[in-house]
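Please read the structure below before turning to the comments.
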Amino acid sequence: MPRLTFIASQGTPRTVDARSGDSAMQTALAHGIDGITAECGGAMACATCHVYVADEWTDRVGPSGEMEADMLEFAACEVTPTSRLSCQIKMTEALDGLVLYLPEAQV
Ligand code: FES
């Protein structure tokens, strides 16, 4: 079971277990992580599940796709090269230990 750490914008980390196959967004909602709104439920239509992938994980997580990048333009906070929509990050054992930073706001 991969473990996933969310770090809130004020720096508070929280590590949770993820089910393989779930998205990082689904994992956040299942554990009541503040800072992930996910208004569209994972349909890539809202950008309220924006996260920043920790630098050391960007290669393994990979870049956003074209449609995801287009949707990220609607994110409430600054978009950086490590920005992803957490509904598009599928948890696998290869991502055990993944660290995601949460933006200050999602809307
Ligand atoms: S939950 Fe809406 S884009 Fe990810």
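Things to note:
- Single match in 82, 48 (criterion: under 19 Å from residue 5 (Cα atoms), surrounded by 13 or more Cβ atoms within 10 Å (Cβ to Cβ) and within 14 Å of the ligand (Cβ to nearest atom)): 48
- Options 37, 27: the member that is among the polar types (S, T, N, Q), within 9 Å of the ligand (Cβ to nearest atom) and surrounded by 18 or more Cβ atoms within 10 Å (Cβ to Cβ): 37
- Verdict on residue 63 being within 17 Å of residue 94 (Cβ to Cβ), free of Cβ contacts under 8 Å to residues at least 24 places away in the same chain, more than 12 Å from the ligand (Cβ to nearest atom) and surrounded by 13 or more Cβ atoms within 10 Å (Cβ to Cβ): yes
- Any chance residue 1 is part of a loop (DSSP other than H, G, I, E, B), in contact (Cβ under 8 Å) with a residue 12 or more places away in the chain and among the aliphatic types (A, V, I, L, M): yes
Read-outs: derived from the displayed coordinates by stated rules, not from any lab. Remember, predicted model here, so these are calculated numbers, not experimental data. As a convention, Cβ positions derive from the backbone with ideal geometry for all residues, glycine included, and neighbour counts pool all protein chains shown.
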